[in-house]
Amino acid sequence: MKRLLQAPNLAIATLWADMLSGAGIAASVQRAYASGIAGQIPPDQALPEIWLEDDDQQARAEALMQELRNLPQRHWHCGACGESVEGPFEQCWNCGALLVANP
């Protein structure tokens, strides 16, 4: 097993591990509940970590994590309700309509 990275919190660590697993890279979350002892150990040592089961998958996992952590930022207007949507979102926060791709 090899450590890939630390996550800022357990929710994000779990999402990242699930995304890696969905891409065929076996990953697990370690130190999931270490935040409870953050005052007794350095805070950076209490963060959850993503670990890979296969060391040979590290380059692929790092590339996928780079992509996931740097999603493109957009600014678009919802065709259904006219709401302005910013960020990496592909669904309108106001009405739930999906971003329509230009043909």
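Since every read-out is calculated from the coordinates, none of them should be taken as a lab result. Not measured: the values here are computed from a predicted model. In this analysis, Cβ positions are derived from the backbone assuming ideal geometry, glycine residues included, and neighbour counts consider all displayed protein chains.
A Förster radius of 25 Å combined with the Cβ-Cβ distance from ASN9 to GLN91 puts the calculated FRET efficiency at roughly 0.60. Toward the positive end of the charge dipole of the chain, with +1 on the Cβ of Lys and Arg and -1 on the Cβ of Asp and Glu, the farthest Cα among GLY24, ALA7, ILE37 is that of ILE37. Taking only the C-alpha atoms of the chain, Rg followed by Dmax gives 17.7, 56 Å. Applying both filters, DSSP loop and at most 13 other Cβ atoms within 10 Å, to the GluC sites (Glu not before Pro) of region 1-73 gives GLU53.
3J(HN,Hα) couplings calculated from phi for region 61-69 with the Karplus curve 6.51 cos²θ - 1.76 cosθ + 1.60 (θ = phi - 60°) are, in sequence order, 5, 4, 5, 5, 5, 4, 5, 5, 7 Hz; Gly and Pro show x. Taking a Cβ cut-off of under 12 Å around GLN6, the surrounding Lys, Arg, Asp and Glu residues balance to a net charge of 0, with basic ones at +1 and acidic ones at -1. Angle of helix 10-22 to the longest C-alpha principal axis of the chain, folded into 0 to 90 degrees and rounded to 10: 80°.
The residue list GLN57, LEU68, ALA46 was ranked by how far each Cα lies along the charge dipole of region 2-69 toward its positive end, using unit charges on Cβ atoms, and ALA46 comes out on top.
Placing unit charges on the Cβ atoms only, positive for Lys and Arg and negative for Asp and Glu, gives the chain a dipole magnitude near 140 debye about its Cα centre.
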